[in-house]
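Peer 1: I have a structure I would like to understand better, so I am pasting it below and will then ask my questions one at a time.
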Amino acid sequence: MLQAGSHQYRAAIDIDSNGLANGHLWSFIDVSPNDFASVLQLDDGWHQLADNSTSGALDYIRSPQFPRPIQWQSGDDKTSLAALQSFVTDSTITKFYIYGEPFGTGYGVHNAHQNQGSAIGGGHDHENGIWQDGAVFVQKQDGSVVAYLNKFSNEASETDDQGNPITTGGNGGDDGQEQDGN
């Protein structure tokens, strides 16, 4: 749970590996605060960002702020959860920014992972889209910003303008279950 203003928000950070030893991928990326200044200056609470390159929305494949290629770590759900827990419990964090899709009811987000590249017919292809990826950003006491990006091994690393896979990132659709990250 995260407190923002007078509301508590739940953040479901998706880390399930579908039982695969290398089913989940994640990366920690130092981000220039200037590259996300418009988001960092927003008031606490939920903000809908347009699915485009100028709103502050994320796209792992298209955002010029992320390295190419992204250097992914891989593991199962326990390994990725341990990495995420270590990241979010850093005592120098002053603020969290969670990118994701809002829950239908209540306060909070889910789908805080890459939301494109799921195989057509794999069960999650209806969620494919560009400029709508989820992530966890933290701002630290020294003003630095670090992003936790994550995806499933079966999500493609190349997508078309609708977020559908150009190459198949693995064996089909993203069947990952959501796990609370904190």
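Where a number appears in this text, it was derived from the coordinates with a stated rule and is not lab data. In this text the structure is predicted, and so the values were computed from the model without any measurement. So basically every Cβ, Gly included, is an ideal-geometry build from the backbone, and we count neighbours across all protein chains shown.
Peer 1: Could you name the lysines whose alpha carbon sits less than 19 Å from that of residue 78, not counting residues in the same chain fewer than 8 places away?
Peer 2: Correct list for residue 78: 151.
Peer 1: Let me ask something additional. Taking the Cα centre of each part, how many Å lie between region 2-77 and region 88-156?
Peer 2: For region 2-77 versus region 88-156, the Cα centre distance is 4 Å.
Peer 1: Another question about this same structure. Run lengths n ≥ 4 of DSSP H only: what is the helix-derived mean residue ellipticity at 222 nm for the chain, with -39500 (n - 2.57) per run over all residues, to the nearest 500?
Peer 2: About -2500 deg cm²/dmol.
Peer 1: On to the next question. Quick check on the exposure proxy: order 38, 80 from fewest to most C-beta atoms within 10 angstrom.
Peer 2: Working: 38 11, 80 25.
Going from least to most buried by this count: 38, 80.
Peer 1: If I take R0 = 35 Å and measure r between the Cβ atoms of residue 21 and residue 49 in this structure, what FRET efficiency does the formula 1/(1 + (r/R0)^6) give, to the nearest 0.05? Don't skip to the end; give the middle numbers.
Peer 2: Working: r = 35 Å, r/R0 = 0.99.
E(calc), rounded to 0.05, equals 0.50.
Peer 1: Further question on the same structure: About its Cα centre, how strong a charge dipole does region 1-126 have in debye, to the nearest 20, once Lys and Arg get +1 and Asp and Glu get -1 at the Cβ? Don't skip to the answer; put the middle values down first.
Peer 2: Working: 5 positive and 13 negative charges, 19 e Å.
Dipole of region 1-126, to the nearest 20 debye: 100 debye.
Peer 1: Helix 77-88 versus the longest principal axis of the chain: what angle, 0 to 90°, nearest 10, using Cα atoms?
Peer 2: Roughly 20 degrees between the two axes.
Peer 1: Name the shape class, rounded, prolate or oblate, that the alpha-carbon gyration tensor gives for region 55-124, where a ≥ b ≥ c are the square roots of its eigenvalues, rounded holds for a/c under 1.5, and otherwise prolate holds if a/b is larger than b/c and oblate otherwise.
Peer 2: Rounded.
Peer 1: Please list the radius of gyration and Dmax for region 1-110, considering alpha-carbon atoms only, with Å as the unit.
Peer 2: Both quantities, over Cα of region 1-110: 15.0, 40 Å.
Peer 1: For 70, 166, what ranking results if the residue with the fewest other Cβ atoms within 10 Å of its Cβ goes first?
Peer 2: Values: 70 16, 166 12.
Final ranking by Cβ density, sparse to dense: 166, 70.
Peer 1: Return 101, 158 ranked ascending by Cβ neighbour count within 10 Å, so the fewest neighbours appear first. Let's see the in-between values first.
Peer 2: Working: 101 15, 158 12.
Placing the least packed residue first, the sequence is 158, 101.
Peer 1: Can you list the trypsin sites (Lys or Arg not before Pro) in region 62-117 that are in a DSSP coil and have 10 or fewer other beta carbons within 10 angstrom? Before the final figure, lay out the partial values.
Peer 2: Working: sites: 62, 78, 95; in loops: 62.
Qualifying residues, ordered by number: none.
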